Structures are given as structure tokens and as C-alpha cells.
Amino acid sequence: MTSLLPKLLAAVLLAACLCPAAFAADLTFQPRVTVTGEYNDNVEQVDGGKGDWVGIVKPGLSLIYEHSRVLLDIAYDFEHKRYANQVLSDEYNNYLKSSLAVEAIKDLFYVDVSDNFQKVYTDVERGDVPEGDTSNGTTDQNIFSFKPYFSFPLQDRTTLSTGVQFKDIWYSEEDNVDKRVYSLFADVNHELTEKFSMQFGVGFDKQDPRYEEGGFNRYSSTVGAMYSYAEGSFVEASITPTYTDYVLTRASDKQYVPYSLSITHAFSNRLTGTAYTEMDFAEDPTSSVTKNEFRHGVEIDREYARGHVGFALEYRDYESENTASRTTYWRPSIKGAHQLTERLGFNYNVYMDLDTNPDSDKYLFALTSLRYELSEQFSCSINYRFKNNDAERSESDYISNTVGLSVSWVY
């Protein structure tokens, strides 16, 4: 946590110094705490793993300060997990999403600062860590970003933004690779009509691992467009040719063409569909360079009188930049919430990873919660989590069941 608290406190103090008289009047502060007791029959998530009782205390707060040309938004949670039989060591986890936006010179010069602390999988190919999941196979990631830039109009409908950005990427595990990223950018946004806009840009990124050799210099140019053809319906497209110059002499310089194409269509004010295909660079905790990530999918989101539901089918393809190895798999998923009564609600999140190798590894994740509102501030919930890993290597197979009871208070 040494890299977290000084930056968080600096953001709050900076906002307070900019507008001290109005700070209290424009501040929204919301504390909260959740206490959970659960039993996990396989906390180790291995074949034949041991079960344990787990006590979890998770206090947190949300803070929003908005006044004049300053916007500060902070959400922080601290989590303490205690394993009764010490099958695993006790955990102390931190989760932070914070951002500070300052209009330093009106309509000309801006400064954006962000600091995010979260759990991520050590294996980047697994995607995002689901909310409410365990921390097995994860590492702490802290990304601090400082971005000063100028933005001014070139014409009535044309805006130029140019500046620099610094990122500090830190991981808690010793075998992970911390990095610093230095960027220069210039972007032009032009509105041809109210429904059609285009973007042009050039950029330079220098990624420098902090304690080992490697990294790269990356040069890029971008052309993009967005067309809104109906209310809630639009098409977005971009292409970003890049040239990557690797620092290590044994790594060959490469050209890539990241791209993004998506169409979102509102069939009605409650039913929306999205289809997309994209390629981008994914941050890899275990390497001084990035991985190429290809994602193709369709999504359907439906709102109804008592809740909402979303269906998705995605194909993911990961390619290492310095090798020819690839990982590909399908991910079908369903996620939603249903209000059974005025106070009682049901939430669910289920997905499956299906590897496309000949033996087809499978991973199933399911998280459900039945929540009852005792009052405006207090609620309780019964939670169930199921995980099944059916791998090509039988020794990696496991099944994990978790049942828990939570009580939450939000001011």
C-alpha cells in the first residue's frame, strides 16, 4: 500500500486547495461496511483441496467532490479475510477507483489524475476478475496515471487535444513486472454532422520495466469514425497502425494494426443488441511487453419491469508478441438481476470458458445472490458461488462450492 495512500491523499488535498471555501458544500461522502461469513469446500482450488470457514469484513467509502472546474471521484474498500482453520493465510485486500479532473486554465489546459488498485489475474488471458470471486491466481495491481493536456478548437466543429501522460504500473507479486509508461499524443475530433464524427490521432508510447531489461517504443496513428443512425443506435470504427521497436536486440520489431468495429442497435427502449470485433494490446503482469488480444462477440441486453438480463457470446484469441503461441476459447455468459418483491431481489452471473484445443479445457463460474432490504441503510443476502475447472491435465481439475451470509450497511 505504500504506492497508494500518498497519491490518494494528494488528490484530496489538491482538490481542497483549489476550492477550499466550497469544499464541504460540494462534497458527498458515503461510508459502508459489509460483514460476511461463508464456508468454501475447496479454498485451495485444487484437486482434493481442503475446505474452510471464512470471515470477511469489508469497510469502504465513496467520495465525490464537484465544484466549478474540479471533479474528484473516489471509491475505496478494504477487505480482511480470516480463514478459521488457516488452510490459507489471512488476506488484507484493497480496492480503489479514484479520478481527479481539473480544468486548470478555462477552456484550454486540463489535468487528469487517476489511481486504481485492484485484483487482476496473473494470467492475463483469463480476463477480468469477477466481482465476488476469490483471490486465487490473482495479484494486486496499482495503476497511477498523470495526464496534462491542452484542448482548443481549430474550427467550429473541430477540436485538437494534445499532451503527455505518465503511468506507473505496480504489482504485488515478486515475479510480476512493474512498468512505467511515458506517452505523447495529439488527437483531432471533427463533427461532420450531429450524427457523424471522425477522429484522427498520432501517439508515442515508451514502456520501461522498472527492475529488468525489456520494454518497447511504440509509434501509432489512428483513424476513427462514429455514426449515430437512430436514437440509441450507432456504429463505431477505428484502425490504429502501430510500429513496435523492442528494446531487447533478440526481439524482432513488429508492425501491428489494432482495430475496433462495433454496431449497437436499440430494438426498443428496453432491448439493445451489440456486435463487435476488435484487436488491442493487453497489459501482461508477467512480461515487460504486452499481449495481442483479439475479441469478437455479440451481446443482448434486455430490461423488463422487474429487472434486467444480458446474454453474451465472445470468442477470445491471445497471441504473445515475442512467440508464435496462441490461446483461443469461447465464452458464453448470462448476467442479470430480478426483483422478486419490493424488498427481495435475485442477482446472478454465469459464464463458461471453452478452450478450442483438441481436448477442450472447460471452466465454469456461477455466482448467485438472494438479497433482502431490511431498510434504506441495511440489507442482508445469501450467496452461492460454484467453480468447476475441467482441464486437459487431470491434476488441475477441481470443483469448489461456497455458501455465505452477508450483512451490509450503507449510510
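If the Cβ limit is 6 Å and pairs must be 6+ apart or interchain, which residue in region 57-70 that is at pLDDT 95 or above pairs with which residue that is among the hydrophobic types (A, V, I, L, M, F, W, C) and open to solvent by 60 Å² or more (accessible area, probe 1.4 Å)?
57/35; 59/78
Condition first: open to solvent by less than 20 Å² (accessible area, probe 1.4 Å), assigned to a strand (DSSP E or B) and within 29 Å of residue 46 (Cβ to Cβ). Now tell me which residues in region 139-189 satisfy that.
The answer is 139, 141, 142, 171.
If a residue has to be open to solvent by less than 40 Å² (accessible area, probe 1.4 Å) and hydroxyl-bearing (Ser, Thr, Tyr) to count, how many in region 356-367 make the cut?
Total meeting the criteria: 2.
What is the residue count in region 61-90 for residues that are farther than 17 Å from residue 36 by Cα and within 26 Å of the chain's Cα centre (by Cα)?
The total comes to 13.
Conditions (1) within 23 Å of the chain's Cα centre (by Cα); (2) under 27 Å from residue 62 (Cα atoms), marked per residue:
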{"site": "342", "(1), (2)": "no, yes"}
{"site": "349", "(1), (2)": "yes, yes"}
{"site": "357", "(1), (2)": "no, no"}
{"site": "368", "(1), (2)": "yes, yes"}
{"site": "386", "(1), (2)": "yes, no"}
{"site": "389", "(1), (2)": "no, no"}
{"site": "396", "(1), (2)": "no, no"}
{"site": "402", "(1), (2)": "no, no"}
{"site": "410", "(1), (2)": "no, yes"}
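Which ones in region 266-323 are of a type in the set (A, V, I, L, M), in contact with a Phe, Trp or Tyr (Cβ under 6 Å, 6 or more places away or on another chain) and under 17 Å from residue 350 (Cα atoms)?
Passing the criteria: only 300.
Looking at region 256-277, which of the residues that are without any contact (Cβ under 8 Å) to a residue 24 or more places away in the chain and more than 21 Å from the chain's Cα centre (by Cα) is nearest to residue 316 (Cα to Cα)?
This residue is 257.
Please go through region 378-401 and give me each residue that is open to solvent by 80 Å² or more (accessible area, probe 1.4 Å) and either in a strand (DSSP E or B) or at pLDDT 95 or above (or both), ordered by number.
378, 382, 384, 399
Just checking, how many residues over region 113-138 are assigned to a strand (DSSP E or B), under 30 Å from residue 71 (Cβ atoms) and open to solvent by less than 50 Å² (accessible area, probe 1.4 Å)?
6
Considering only region 96-152, how many residues are aromatic (Phe, Trp, Tyr) and touching an Asp or Glu at 6+ places or on another chain (Cβ under 6 Å)?
Residues flagged as aromatic (Phe, Trp, Tyr) and touching an Asp or Glu at 6+ places or on another chain (Cβ under 6 Å) within region 96-152 amount to 2.
Tell me which strands (runs of 3 or more DSSP E) are completely within region 254-329 and hold 3 or more residues being buried (at least 16 other Cβ atoms within 10 Å of the Cβ), or say none if there are none.
Here the list reads 259-266, 271-282, 291-304, 307-320.
Between a first residue in region 97-125 that is under 22 Å from residue 163 (Cβ atoms) and a second residue that is surrounded by fewer than 16 Cβ atoms within 10 Å (Cβ to Cβ) and among the aromatic types (Phe, Trp, Tyr), which pairs have beta carbons less than 8 Å apart while being 6 or more apart in sequence or on different chains?
Listed pairs, sorted by first residue: 103/109; 107/152; 108/150; 108/152; 109/150; 110/150.
Quick one: is residue 375 surrounded by fewer than 16 Cβ atoms within 10 Å (Cβ to Cβ), outside any strand (DSSP E or B) and on the phi > 0 side of the Ramachandran plot?
So residue 375 does not fit the description; no.
What is the residue count in region 80-112 for residues that are open to solvent by 50 Å² or more (accessible area, probe 1.4 Å), under 21 Å from residue 29 (Cα atoms) and of a type in the set (S, T, N, Q)?
Adding up the residues that qualify gives 1.
Taking the conditions exactly as written (in a loop (DSSP other than H, G, I, E, B) and touching a strand residue (DSSP E or B) at 6+ places or on another chain (Cβ under 8 Å)), does residue 360 satisfy them or not?
Answer is yes for this residue.
State whether the residues of region 73-84 include one that is more than 21 Å from residue 401 (Cβ to Cβ), of a type in the set (Val, Ile, Thr) and assigned to a strand (DSSP E or B).
yes
The values are calculated or read from the model by the stated rules, or taken from the named source; none is laboratory data. These figures come from a predicted structure and were not determined experimentally. Cβ sites come from the backbone with ideal geometry, for glycine too, and all protein chains shown count toward neighbours. Each accessible area value is taken on the protein alone, full model and side chains, heavy atoms only, with ligands, DNA and RNA left out. Shrake-Rupley method; radii C 1.70, N 1.55, O 1.52, S 1.80 Å.
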